[in-house]
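Below is one structure, written out as structure tokens; comments come after it.
The values are calculated or read from the model by the stated rules, or taken from the named source; none is laboratory data. Note that the coordinates shown come from a computational prediction; the quantities given were computed from them, not determined experimentally. Note that we place each Cβ from the backbone using ideal geometry, even for glycine, and neighbour counts take in every protein chain shown.
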Amino acid sequence: MCTGTDDRFSSMMLWRGSKAYFNAACILFKHEQGKTPFPRPDAPAYFLVCQAIELVLKGFLRGSGKSEDSLVKEYGHNLMKALDAAEKHGLTTLLKIETEERSALKLVNAHYESKALQFTIEGVYDLPRFEVLLEIAEKLIAKTGAFCLKNRELHAGKPTAVIKLRSARKK
């Protein structure tokens with residue numbers, strides 16, 4: 001049972017969520033491979049890997065001291081804004097996002113941020129190679145895990161999503 005001082009919206013919670021979405025993206029990608037001569041996953045797989053990237057970046061930012069509100073208001077679902085902020089907060093000491101990777105994130109970002117991938121809005125999308133996004137997510141998850149674990153208690157005792165959700169339900 002949550003108390004008024006629980007903080008379950010920690011850097012580690014976000015990091016664990018990113019791993020779960022990454023694993024789901026890998027399973028879906030593997031399932032779809034071999035079905036066509038040029039395997040390219042559908043929008044749900046792209047959504048899953050982008051969600052993994054968003055959560056791992058926000059986990060890093062949360063572990064860097066960012067509040068829940070700032071994660072929502074400053075970055076929303078914009079992968080590029082989250083990446084830029086994470087790099088300003090020291091992500092570059094853990095890993096380097098290569099030029100090709102940054103281009104892939106920029107290309108997929110508009111579709112992800114607009115929710116087109118989540119709701120599989122019909123249309124033709126200019127999407128990067130899925131494998132590049134998987135590599136980005138895998139690298140981010142591998143290199144930020146220890147940081148997110150170490151900083152998971154940074155927000156202990158402060159209001160979080162859990163408390164806000166509980167408060168919203170009581171109204």
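Which residues, taken from region 56-99, are of a type in the set (Val, Ile, Thr), free of Cβ contacts under 8 Å to residues at least 12 places away in the same chain and under 17 Å from ALA146 (Cα atoms)? It would help to see each step written out before you state the result.
The first filter runs over region 56-99 and keeps only residues of a type in the set (Val, Ile, Thr), leaving 56, 72, 92-93, 97, 99.
Going one step further and asking which of them are free of Cβ contacts under 8 Å to residues at least 12 places away in the same chain, we end up with 72, 92-93, 99.
Those that are of a type in the set (Val, Ile, Thr), free of Cβ contacts under 8 Å to residues at least 12 places away in the same chain and under 17 Å from ALA146 (Cα atoms): THR92, THR93.
The single condition from (1) of a type in the set (A, V, I, L, M, F, W, C); (2) closer than 16 Å to LEU14 by Cβ; (3) modelled with pLDDT under 95 that VAL124 fails is (2).
Just to check your reading of the model, which residue among VAL56, VAL72 is among the β-branched types (Val, Ile, Thr), under 14 Å from the mean Cα position of the chain (by Cα) and surrounded by fewer than 23 Cβ atoms within 10 Å (Cβ to Cβ)?
Values: VAL56 fails: surrounded by fewer than 23 Cβ atoms within 10 Å (Cβ to Cβ).
When all the criteria are applied, what remains is VAL72.
So is GLU113 touching a residue at least 24 places away in the same chain (Cβ under 8 Å) and in contact with a Gly (Cβ under 8 Å, 6 or more places away or on another chain) or not? Taking the combined requirement at face value, the residue satisfies it.
For region 90-104, residues that are hydrophobic (A, V, I, L, M, F, W, C) and touching a Phe, Trp or Tyr at 6+ places or on another chain (Cβ under 9 Å) total 2. When region 122-144 is limited to residues that are without any contact (Cβ under 8 Å) to a residue 24 or more places away in the chain and on the phi < 0 side of the Ramachandran plot, the one that is surrounded by the most Cβ atoms within 10 Å (Cβ to Cβ) turns out to be ALA142.
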